[in-house]
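The values are calculated or read from the model by the stated rules, or taken from the named source; none is laboratory data. Only a predicted model underlies this, so the values are computations on that prediction, with no experimental measurement involved. Here the Cβ positions follow ideal geometry from the backbone for every residue, glycine too, while neighbour counts run over all protein chains shown.
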Amino acid sequence: MCSHSVRPGRQDILDFIAQNPGNTGKREIAKAFNVRGSDRIYLKQLLREMTAEGLIEGNRKDGVRKAGTLPAVGVVEITSRDEEGALHGKIIIRGEQQDAPDIIIFSKRKQPVMGDQILARLNETSPGIYRADTIKVIARAGHEVVIGILKGNLTPDKKGKISAYLEPIERRAKHIFNISGALPEDCQEGDIVVAEKISNARSALRHVPQNVKVTERIGPADAPDAFSLIAIAEQNIPIEFPDAVIHQSETLTNFSMEGRQDLRDLPLITIDPADARDHDDAVYACPDDTPDNEGGYHIWVAIADVATYVPPDTALDKEALKRGNSVYLPDRVVPMLPEKISNNLCSLRPNEERPCLVVKMTIDKNGNRIGHKFSRAIMKSAARLSYQQAQAGFNGEPDAAAAPVYETVLQPLWAAYQLMAKARDKRAPLDLDIPERKIIMNNGKIEDIYTPQRLEAMRLIEEMMVSANVCAAETLEKHKTPLIYRVHNIPSDEKVYALAGFVKPLGVVIDLGQPMIPGLFNRLLAGARETEYGFMVQEAVLRTQSQAVYDPENIGHFGLNLSRYAHFTSPIRRYADLIVHRALIRALKFGPDGLPDSQIETLDETAAHISTTERRAMLAERSAKERYLSAFMSARIGDEFAGHITGVTKSGLFIRLDETGAEGFAPMSYLGRERFFVNEDSMSLTGGTTGTTYRIGQALTVRLLETNPIAGGMLMEPASDGDEAGDNIKPRRGSFRRPVAGKRAGAGKKEARPTSKKTKPYKGRKKSTSRAGRRKAKKLEKPKSS
């Protein structure tokens, strides 16, 4: 385009991207404008500014494009089929499925099916609508799985057939399934099983029961661990480790001391929840005695060296990648690594030698980090404390376990944290204070539910872990070593505008002209925190945020207000951290077990996969918790509870109870006879007749009508002060059938419906406007002949 170096402007770049759709990156732009030498720095900075201004978007892999458009090639997941049979999908960007735009799928070869992920060429055919031409299917949906309860007679007849059927546990399921083929051993009526749908010509017909083949028995529906096992089966989370993995873990040998710094005399301590089973991080701090950093501190964060025991591309490593992360359910943990590693070899137990990766950070008197250094070391923990024990020590009341390290460790840790807290407050990360309830289980049942006190000891550990994670990202960037970042994008303009519309009726105005930083939301939260709208605003701000994911391309972490961030501190339970450990070993030449080229080449796929397994774990944790809570609440049907609205849809309201955190649903038909309309911008439902409005975060008293522990559902209705609690509510058909008001009040049985078929007198009824109706009316008015 040019023979000499040219510094293009914003419009020049936008025009070039428009004229060259596809994989247009910084290299192509530089070549087109002949950008050379120091002008490359100018171009890099300009592209960053245009990204921040919302003019362009994209990354190194996909190239840059005009903001609001899709890349020329992308991954699309098939999500729906329209009335004409055409498949539609959603784009997946940075491992996250986007809500918009609508994408219509085309394929010249074998047609993809629901749930498949395809690599496709994308073209905008009209505003907001894209055509996806399939290049190849990269992930098959596999067999469609149904989880349900065996019902009927399981005894084979003379022909060897059984008259049993499968009742799905899915709340939205409308049909039962016929069972085809033999059942697994030990299956009994009432068991929960996993089955695969069998496709045939009749399965495409409506109202025809579909056949399924039972592939796995989970266990009795009334077993103590049934709810967790259902959640695990729903998300297809592997439980048992393959024999090769167990064999490798059992034959692990002691670690090598070669090249390790000896920190056994450094009194590092672990501080964790009281019920923690693995302890993979330890901390220590002491004053910096150098003259030029008066009032500063040194802080050590030591993390279990999992890479020592899990070499790349081994059976153990492949299984860890497959799982992606540990899954924490109310009654169990499904670990990423075998117990010998997670609870033994890599658990930083007191007075036992353990390999570790350590970062030594130096902060000044204002809490600002002024230096850091990584090393591969050996350590020996001086104490294991719970958050409560550590907090008592910080308060000057150490117990027997904390007393030996009170002066040497706890006091300097606390002093260092006070400085770090000053720097954190100045950085101003997103300040969402969401209480997390703790469920205590006993023999498969909830024994207690409570909200743990938020201790400064917890914040101390969090702040030191965040700083260590930042150090890991900075070090790897400095050494130009690829890594997987933990990224959190800024909220979309649409969500921020919706938030502004939501808070405006509350008398709160958001200045949309301000820079999009966490402080914008923090001011909003602080102003609402002590008002009756505090919960509403917090829920709305939470829904405005993007979802954090893993990505080899860095876009920063909006919630933490950090320009670079990586997960380094939990390699026992997160594969992302293990990747970062290996990258540090490679970059700093700590040994031959660093990140291999083969894993560098697949970082994109790894990041997308572990983002998916993270969401899978979250879904399993939530569904198991919902089922246990539903069972726990079964004894309180008919009671009234204080709660808050957490979701509004065209079907009704989602409500979370303040007492237990249990969530239930109030169908639209239970809100009143008037028609309600969804306003997505204000996150509300509004009645078309009375103007009654239900909003996200609104406090609401509800009555519990029904629970369904197997499906994890609870049915609720807004409570009324008068006797006519349900007079303005029409009953709903379906699996959740609204109980009769008299039964809820403890009255006797409902009166039997009259069986007489005599026609009521027509007199006084509304006159029909049809000719047939008028003829019928005349007949009814004539006296019958004797």
For Glu28, indicate whether it is of a type in the set (D, E, K, R) and either modelled with pLDDT under 80 or within 29 Å of the chain's Cα centre (by Cα) (or both). no
Within region 487-498, can one find any residue that is of a type in the set (Asp, Glu) and within 23 Å of Leu55 (Cα to Cα)? yes
Residues to consider are His298, His247; find the one that is outside any strand (DSSP E or B) and either within 25 Å of Arg582 (Cα to Cα) or outside the structural domain of Gly712 (by TED's automatic domain parsing) (or both). His247
Looking only at region 507-526, filter to residues that are buried (at least 16 other Cβ atoms within 10 Å of the Cβ) and more than 27 Å from Ile93 (Cα to Cα); which one of those is modelled with the lowest pLDDT? Val508
All strands (runs of 3 or more DSSP E) inside region 99-173 with 3 or more residues being in the same structural domain as Lys197 (by TED's automatic domain parsing), surrounded by 11 or more Cβ atoms within 10 Å (Cβ to Cβ) and at pLDDT 80 or above: 145-153, 163-168
Consider Glu436 carefully, then state whether it is at pLDDT 95 or above and loosely packed, with under 15 Cβ neighbours inside 10 Å. no
Quickly run through region 1-13 and pick out the residues that are at pLDDT 80 or above and either of a type in the set (A, V, I, L, M) or touching an Asp or Glu at 6+ places or on another chain (Cβ under 7 Å) (or both). Arg7, Ile13
Exclusive hit being in contact (Cβ under 8 Å) with a residue 12 or more places away in the chain and out of contact with any strand residue (DSSP E or B) (no Cβ under 9 Å at 6 or more places or on another chain), set Thr612, Thr606, Thr649: Thr612
Expected output for region 412-436 (first residue assigned by TED's automatic domain parsing to the domain that holds Ala457, partner in a helix (DSSP H, G or I) and of a type in the set (Lys, Arg), Cβ below 9 Å, 6+ apart or cross-chain) is Tyr417/Arg459; Ala421/Arg459; Arg424/Arg459
Report yes if some residue within region 566-582 is assigned to a loop (DSSP other than H, G, I, E, B), small (Gly, Ala, Ser) and closer than 29 Å to Ala282 by Cα; otherwise report no. yes
Among the hydroxyl-bearing types (Ser, Thr, Tyr) and at pLDDT 90 or above: which single residue out of Ser630, Ser651 fits that description? Ser630
Consider Lys426 against the criteria (1) part of a loop (DSSP other than H, G, I, E, B); (2) loosely packed, with under 14 Cβ neighbours inside 10 Å: it satisfies all of them except one. Which criterion is unmet? (1)
Of all residues in region 462-513 being acidic (Asp, Glu) and in a helix (DSSP H, G or I), the one that is farthest from Val359 (Cα to Cα): Glu494
Taking region 356-409 as the search range and keeping residues that are of a type in the set (Phe, Trp, Tyr) and in contact with a strand residue (DSSP E or B) (Cβ under 8 Å, 6 or more places away or on another chain), which one is farthest from Cys346 (Cα to Cα)? Tyr387
Of everything in region 308-325, what is hydroxyl-bearing (Ser, Thr, Tyr) and in contact with a strand residue (DSSP E or B) (Cβ under 6 Å, 6 or more places away or on another chain)? Give them in sequence order. Thr308
Within region 276-298, restricting to residues that are closer than 15 Å to Ala390 by Cβ and of a type outside the set (Phe, Trp, Tyr), the one that is surrounded by the fewest Cβ atoms within 10 Å (Cβ to Cβ) is Ala276
Condition first: surrounded by fewer than 17 Cβ atoms within 10 Å (Cβ to Cβ), over 18 Å from Ala416 (Cα atoms), assigned by TED's automatic domain parsing to the domain that holds Tyr297 and not small (Gly, Ala, Ser). Can you find one or more residues in region 389-401 that meet it? yes
